[in-house]
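A quick write-up on the structure given underneath.
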Amino acid sequence: MPTGADRAPLECDLVMKGGVTSGIIYPGAIAAVAATYRLRSIGGTSAGAIGAAAAAAMEFGRRSGREPAARERLEGLALELGERHGGAPLLQHLFEPDAATAPLFRLLQRLQAAASARGVAGALGVLALPALCWAAIALGLVAAALLWSEPSRGAVLAFALLLLVVVGVPALALLLAILSWWPVLRAGLRALAANGYGFCSGMAQARVDGETLPSLTEWLHARFQDLAGLPADEPLTFGDLWAASHRGVGATRDEALAAALRAAQDPRRPPATLATIARDIELVLVASDVNRAQSVQLPFLRREDLLYARRGDLLALFPPEIVAWMERHQRAPTDPRDDLAGVGLHGIDASEMLRLPRAEDLPVLVGVRMSLSFPFLFRAVRLYVLRERAGALGGGRELAELWITDGGITSNFPLHLFDAPIPTRPTFCLNLLYHDDELQPERVPAEGERPDAGLAPADAPPEEMVYMLRSNRGRLASYTRLAGGSPAAQLLRFAGRIVTTARQWGDNQLIDVPGYRDRIVHVRMRDGEGGFNVAMDSATIADLQRRGARAGEVIATRFVPDTLLDPLFAGEPLVLNWANHRFVRFRAFLAGLEVSASRFAAAWDDDRARAELPATDPLHQSPSIEHMAAEAGTAAEDRMPTKPGYPFANAAQRELALDMAAAIESLAALAPAPARDGVDRANDRPGASRPKQALRLRPSIDSDPRAELP
């Protein structure tokens, strides 16, 4: 029986953007890409994390041979979400609130529906209409009584009451509405805070016409296991993905991991571990740590952290098979600090805590659930970290809460994943555009010619709702208008754009960079599609499925080495192909390296010159970095007034460092005036890609041990 490896000799990486229900496009897109390519590294955020995990499960199923039809199974997932139950699609029922938060959730749903149909005034009407009716009836009865008893005086009073009805009743009704809805609001807010800051745990089940539907997390677990070809009580883990090629139908998980570890051993290198082996399938999911205001990339959280989870929290968020697995595969306490004896537990029973499994043992579903925790919609995932408490708080060790939530808070479209100066395989990126997002066209269409698909009208067919750049001159200048409407609507719109800018500015700047922009396919939503539109009908979902399939087909075809014509712009020669992409990446890297090397060499020379100045000179510094490097690890270093940190371990390492510094000096000398005449510029004119990329030293977001290897 042929495996996916036999059918798909080309390899690619894949990154998907978050977007709540917009992620419905992903199954079709992934299946289309997987028809040509084998997926190696896959990443995403929020809804993109669901798509990434489904893609990884699919690739595991066909790579291991456990589910040869995994690609076809994945292709049908979106249509399953459109199946109707009790008059609503399954998708809507998966967003089921928990019992305590349901009243407020239903009220907010009504407000959203009214606001979508009639604006802010319509939403206020939902709140005030009951009170408005009662107030109008009461005042009408009073006016009628006055007219009946004293017609002359009653007419005047009736007119006054009429003015009161027109002016005073709306204000009174709104006040009464607030008072009448206040118990619901107060109880709902309390329940929301107690429910991990979210309406939905992901485990609540909807009942429709006597039928109990699966919860969101249960549905995801079942689909991941089906795609991977694994039983429900053997959750797909990150380690399973790493060793997929060793996990044939007859092999156990332990046997596969052991085989992968043996294959990774090399006598010329330090002993390999499961965390450092070459991975058959790489899955990276982005989440946010709100306690420490950081982006995290799963399955690796901060390496020095000692993390725990509470059984009660896990049971509220995951199917019992996942919880049982995590109990059986707790992290072994190899660190002497990894002990709860004498730790401040803040009233928590120590027997309730379990150590978070290591990366290779962590179920993929756990990482997905952390990444998709959209603020206030889904309950955040609570972990605990063993930490030293500050003296002002009493000192000592404590088990402190860590709330892990939606990855889109810190990076909603993590384009940076899997990048390399010269890529050995393409990284395809799937972007989601809402109906009011605009992209600057590359050229003005001629009369009668359809516009670039990025600017397609709302009634365009699905194939015209997919867009990629067509040339290296193209730019991805995105723009969203602040539409008119009532003052309240304008203020809400402006506030929404502030939040979007704070969340996505970094991703959006990267979208327009050469070497990134040519490998992004954009899929546009129509008004009422994607986002929080959970009630999309089966026809809309099928339309999104076709758009996704078209996007996957276009981007996959463009990077097949022998493709000559652009699959998106009929009859046009393909410009942004795989060869062009590799050269652009090479060109951009050299331009950035030229600047960094020149600045390193200038600072190195300056540091050396300052060390040679007389000690009385205010600019004198001692010793130079070169001198410290040359004497690091020797007897001469011991005589230094202050030993530098992080010394070299041996003479070979010291010599290698000095050789590298000399090589950088030589590299800088190749272009005597790089600002005017070098790799980037010739005859004082820029030649490298713009916006120009810069090489910066910054900490890696990922604490994956492989990220530190050369």
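The values are calculated or read from the model by the stated rules, or taken from the named source; none is laboratory data. These numbers come from a predicted model, not from an experiment. Ideal geometry is used to build each Cβ from the backbone, glycine not excepted, and the neighbour counts take in all protein chains shown. Heads up: the accessible areas ignore ligands, DNA and RNA and are worked out on the full protein's heavy atoms, side chains in. Shrake-Rupley method; radii C 1.70, N 1.55, O 1.52, S 1.80 Å.
Were the residues from D305 through R207 laid out at 0.36 nm apart, the gain over their Cα-Cα distance would be 31.2 nm. In this calculation the C-beta distance from A669 to L315 is compared with R0 = 56 Å, giving a FRET efficiency of 0.30. Label separation (Q621 vs E255): 6.0 nm, computed from points 7 Å beyond Cα along the C-beta direction.
Full extension of the chain between D527 and L107 gives 148.9 nm of extra length, using 0.36 nm per residue less the Cα-Cα distance.
Site pair A272 and A662 shows an inter-label distance of 3.5 nm when each label is modelled 7 Å from Cα along Cα→Cβ. The residue among P214, P231, G198 whose Cα reaches farthest toward the positive pole of the charge dipole of segment 192-235, with charges on the beta-carbon of Lys, Arg, Asp and Glu, is G198. Between segment 513-533 and segment 68-102, how far is it from one alpha carbon centroid to the other, in angstrom? Answer, in whole Å: 22. Taking other residues whose beta carbon is less than 10 angstrom from the beta carbon of L576, and scoring Lys, Arg as +1 and Asp, Glu as -1, yields +2.
Using the Cβ-Cβ distance between A350 and D605 with R0 set to 41 Å, the FRET efficiency from 1/(1 + (r/R0)^6) comes to roughly 0.10. Taking label points 7 Å from Cα along the Cα-to-Cβ direction, L482 and Q330 give a separation of 5.4 nm.
Here the gap between A263 and R292, fully extended at 0.36 nm per residue and compared with their Cα-Cα distance, gives a gain of 6.6 nm. I'd like the distance between the alpha-carbon centres of segment 469-495 and segment 276-320, rounded to an integer number of Å. Each part's Cα centre sits 34 Å from the other's. When D335, D349 are compared by accessible area of protein heavy atoms, the largest-first order is D349, D335, using a 1.4 Å probe. Of the trypsin sites (Lys or Arg not before Pro) found in segment 329-373, those in coil by DSSP whose Cβ has at most 12 other Cβ atoms within 10 Å are R337. Accessible surface of T252, taken over heavy atoms with a 1.4 Å probe and every protein chain present, rounds to 70 Å². Apply 1/(1 + (r/R0)^6) to the Cβ-Cβ distance of S471 and R706, taking R0 = 41 Å, and write down the FRET efficiency to the nearest 0.05. With a Förster radius of 41 Å, E is 0.70.
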